[in-house]
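Comments concern the structure below.
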Amino acid sequence: MLDLTQPEHNLRAYIKARASLQPEEIVFWWSGNIYSVIPGQKNRLLFKIDGYNIGRCMEVEGGYQHLMREVTFYKNPSTGEILERWSNPFTEEEVPVVHVWNDPVNQTYLLNGPYGPFMMPALSVGEDRLCLALDIMLAYPSPLPCAQYPKYSQSDLYQGAELFQFFISRRDLENDELASIPCEISWTRLGPWLPWMAMADRPGNLLYQCAGCKVAGGYAALPEDARAYVEQHQPIYTQAPTEFTRPNETSWTYFKKYLESQK
C-alpha cells in the first residue's frame, strides 16, 4: 500500500509524477502570465509566457539525478507573439528581450540528503487526486552585482520564491506497471525584475502564475510556435541532456553571458 509518509514511497511518487522511473525523455509544458507588483500601484500585466522543461531521471546510489534543460518565451499579452523587443512602460525605453535558455537545470533527489529524509508534502484533493507541494525559497548573492551592473540589477541579493503544485492520481501512483504517470502543475513565482528589463533598482517585483502538464506526446506535441522558435535559435533544446553536469544556468547567469557576447 502507498504510504507517502515513508521517504521511499514519497520519492518514488515524486519521480513518477515529475519524470519517470525509467530514463526516458519527459516534457513538462506551462503557460501563464507575469505581472508587475509595485508598492502603491495597481498590478500590471506585462507578459504572457509559454515554456517547457525537457529532461530524464537516472537512478543513482541513494536516489535519482534529474537531467534537464528548460525554455521560457516572453510573449505579447494581447497577440501571443513571441517578443524580440519590448517597450518598457516604466522607463519608456525599448529593450531587447532575452528569453529563458537554461541549460542545465539539473537536480539530485536523495532518500537521505543534506536536509534529511526526502519528504514532499502530499494533500488529498479528491477521491483519487493528490497534490504534491514543492515550495522553494531562494536567497543568494546575485550573479549581477549592482556595482558592476547598475542598469540591470535590482539588488546584490537574488531573493525569490518558486511555488509548485503537482496534481496526480493515487491509483496511478499505486500502479506498479506505470513508470511515469499523468501530472498537471500549478507554478507561482515571485522574483525581482528581469535583468534585460533594465529597471535598475526601482522598487517592485514580478509575479508569475502558470499552469501546465506533463506532455503525453513529448517534444513533438508542444505548440508549433515554440518548436519553430527553438529549432531556429537553440535546437539543443529539442532533446533532454544525457549527462549530469554543473553548474546550473539561471536567467541571471545566462544574461551575464549575453552581455559579454554583445561586447
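One line per residue, one yes/no per condition, for (1) at pLDDT below 95; (2) out of contact with any Lys or Arg (no Cβ under 9 Å at 6 or more places or on another chain); (3) exposed (fewer than 14 other Cβ atoms within 10 Å of the Cβ); (4) within 30 Å of Tyr258 (Cβ to Cβ):
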site	(1), (2), (3), (4)
Ala139	no, yes, yes, yes
Pro145	no, yes, yes, yes
Pro150	no, yes, yes, yes
Gln154	no, no, no, yes
Gly160	no, no, no, yes
Phe166	no, no, no, no
Asp172	no, no, no, no
Ser180	no, no, no, no
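Which of the residues that make up the stretch 105-137 are touching a residue at least 60 places away in the same chain (Cβ under 8 Å), open to solvent by 30 Å² or more (accessible area, probe 1.4 Å) and closer than 15 Å to Cys183 by Cα?
Ala122
Can you name the residue in the stretch 215-228 that is assigned to a helix (DSSP H, G or I) and open to solvent by less than 50 Å² (accessible area, probe 1.4 Å) and is also nearest to Ile181 (Cα to Cα) among such residues?
Across the stretch 215-228, the extreme among qualifying residues is Gly218.
Which residue out of Gly204, Gly212 is small (Gly, Ala, Ser), out of contact with any helix residue (DSSP H, G or I) (no Cβ under 9 Å at 6 or more places or on another chain), closer than 21 Å to Pro39 by Cβ and surrounded by 15 or more Cβ atoms within 10 Å (Cβ to Cβ)? Reasoning before the result, please.
Numbers: Gly212 fails: closer than 21 Å to Pro39 by Cβ.
So the residue among Gly204, Gly212 that is small (Gly, Ala, Ser), out of contact with any helix residue (DSSP H, G or I) (no Cβ under 9 Å at 6 or more places or on another chain), closer than 21 Å to Pro39 by Cβ and surrounded by 15 or more Cβ atoms within 10 Å (Cβ to Cβ) is Gly204.
Scan the stretch 229-239 residue by residue and report those that are open to solvent by less than 80 Å² (accessible area, probe 1.4 Å) and either under 17 Å from the mean Cα position of the chain (by Cα) or of a type in the set (D, E, K, R) (or both).
Val230, Tyr237, Thr238 - these are the residues of the stretch 229-239 that are open to solvent by less than 80 Å² (accessible area, probe 1.4 Å) and either under 17 Å from the mean Cα position of the chain (by Cα) or of a type in the set (D, E, K, R) (or both).
Here is a list: Glu231, Glu249, Glu162. Which entry is over 18 Å from Leu46 (Cα atoms), among the acidic types (Asp, Glu) and assigned to a strand (DSSP E or B)?
On inspection, the qualifying residue turns out to be Glu162.
Here are the criteria: (1) hydrophobic (A, V, I, L, M, F, W, C); (2) open to solvent by less than 80 Å² (accessible area, probe 1.4 Å); (3) within 19 Å of the chain's Cα centre (by Cα). Tell me which single one Leu259 does not satisfy.
Going through (1) hydrophobic (A, V, I, L, M, F, W, C); (2) open to solvent by less than 80 Å² (accessible area, probe 1.4 Å); (3) within 19 Å of the chain's Cα centre (by Cα) one by one, Leu259 breaks only (3).
Scan the stretch 59-75 for residues that are over 20 Å from the mean Cα position of the chain (by Cα) and either closer than 21 Å to Gly212 by Cβ or of a type outside the set (A, V, I, L, M, F, W, C) (or both) and jot them down.
If the condition is that a residue be over 20 Å from the mean Cα position of the chain (by Cα) and either closer than 21 Å to Gly212 by Cβ or of a type outside the set (A, V, I, L, M, F, W, C) (or both), then Glu59, Glu61, Gly62, Gly63 are the ones that fit.
Is there a residue in the stretch 240-252 that is closer than 22 Å to Lys48 by Cα and open to solvent by 50 Å² or more (accessible area, probe 1.4 Å)?
Looking for residues that are closer than 22 Å to Lys48 by Cα and open to solvent by 50 Å² or more (accessible area, probe 1.4 Å), one finds none in the stretch 240-252, hence no.
Yes or no: Glu94 over 21 Å from the mean Cα position of the chain (by Cα) and surrounded by fewer than 12 Cβ atoms within 10 Å (Cβ to Cβ)?
yes
The values are calculated or read from the model by the stated rules, or taken from the named source; none is laboratory data. Not measured: the values here are computed from a predicted model. Backbone-built Cβ (ideal geometry, glycine too); neighbour counts: all protein chains shown. The accessibility values were calculated without ligands, DNA or RNA, using every heavy atom of the protein model including side chains. Shrake-Rupley method; radii C 1.70, N 1.55, O 1.52, S 1.80 Å.
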